[in-house]
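Engineer: Pasting a structure here, questions to come.
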Amino acid sequence: MKWRCLVAAVLSLAILSPAVALGPDEVLSDPALEARARSLSKELRCMVCQNQSIDDSDAPLARDLRILVRERLQAGDSDRQVIDFLVARYGEFVLLKPRFSWHTALLWLSPAAMLLIGACVILVLARRYRTGLNRATAEGEKVTPVEAARPSEISY
C-alpha cells in the first residue's frame with residue numbers, strides 16, 4: 001500500500017513538473033496572447049538546459065525569455081517577429097527546430113543520407129550473397145565421381 005502511494009506521488013510530481021516552470025506573475029491577462037506566448041515558448045530552446053523548451057525550464061534565463069516573449073507580444077509583434085528578434089539576439093540555437101538554410105543543411109539532410117547509404121549497403125550485400133549462392137550451386141553441380149561417392153563412405 002505504501003509503495004502505491006509513493007509511486008502515485010512520484011508520477012504526480014513528474015506530470016506536474018512542466019506546469020511549475022511558468023510562474024503566476026508571468027501569465028498574461030489576455031487568453032489569446034497567453035496562448036500565443038505558450039506556443040512560442042514551446043518552440044524556443046532554454047539556453048541553459050539546452051534540451052528543454054523555455055516553457056518547460058525552471059532556469060532564470062528561461063524565465064527572462066518567457067517574459068521577453070510576452071513583452072514583445074504585448075507590444076504588438078507577430079509570432080514571426082518575436083522569433084526573428086530572438087534569433088537575431090541569440091542565434092539559430094535558440095530554436096528547438098532550426099530553420100532550413102545552407103548552414104543547417106547537414107543537420108536536416110544527414111538522416112536521409114544515412115538512410116540512403118544504409119539501403120545501398122543492404123542492396124550490395126544482398127547482391128553479393130545472392131551471387132555467392134549462385135556460385136556455390138554452380139560449383140556444387142560440378143561434382144567429380146570421387147566426391148559423389150564420398151558421402152556414402154562416411155559412417156555415423
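The values are calculated or read from the model by the stated rules, or taken from the named source; none is laboratory data. This structure is a prediction, so every number in the text was calculated from the model and none was measured. FYI the Cβ positions are ideal-geometry reconstructions off the backbone, even for glycines, and counts take in every protein chain you see.
Engineer: What pairs come out if I take residues in the range 29-53 that are assigned by TED's automatic domain parsing to the domain that holds Gln81 and pair them with residues that are of a type in the set (Lys, Arg) whose C-beta lies under 6 Å away, six or more apart or interchain?
Structural biologist: Filtered contacts from the range 29-53: Ala37/Arg70; Ser41/Arg66; Ser53/Lys42.
Engineer: What number of residues within the range 59-114 are assigned to a helix (DSSP H, G or I), of a type outside the set (Val, Ile, Thr) and over 17 Å from Arg36 (Cβ atoms)?
Structural biologist: Result for the range 59-114: 20.
Engineer: Out of all the residues in the range 54-72, which are of a type in the set (A, V, I, L, M, F, W, C) and in contact (Cβ under 8 Å) with a residue 40 or more places away in the chain?
Structural biologist: Answer for the range 54-72, where residues must be of a type in the set (A, V, I, L, M, F, W, C) and in contact (Cβ under 8 Å) with a residue 40 or more places away in the chain: Ala62, Ile67.
Engineer: Could I ask something else about it? Being outside the structural domain of Asp30 (by TED's automatic domain parsing) and either part of a loop (DSSP other than H, G, I, E, B) or of a type outside the set (A, V, I, L, M) (or both) is the requirement here; does Arg127 meet it?
Structural biologist: yes
Engineer: State which residue is surrounded by the most Cβ atoms within 10 Å (Cβ to Cβ) when the search covers only the range 28-58 and only residues that are assigned to a loop (DSSP other than H, G, I, E, B) and touching a strand residue (DSSP E or B) at 6+ places or on another chain (Cβ under 7 Å).
Structural biologist: Restricting to residues being assigned to a loop (DSSP other than H, G, I, E, B) and touching a strand residue (DSSP E or B) at 6+ places or on another chain (Cβ under 7 Å), the top hit is Ile54.
Engineer: Just checking, how many residues over the range 60-74 are surrounded by fewer than 19 Cβ atoms within 10 Å (Cβ to Cβ) and either basic (Lys, Arg) or under 14 Å from Val94 (Cα atoms) (or both)?
Structural biologist: 4
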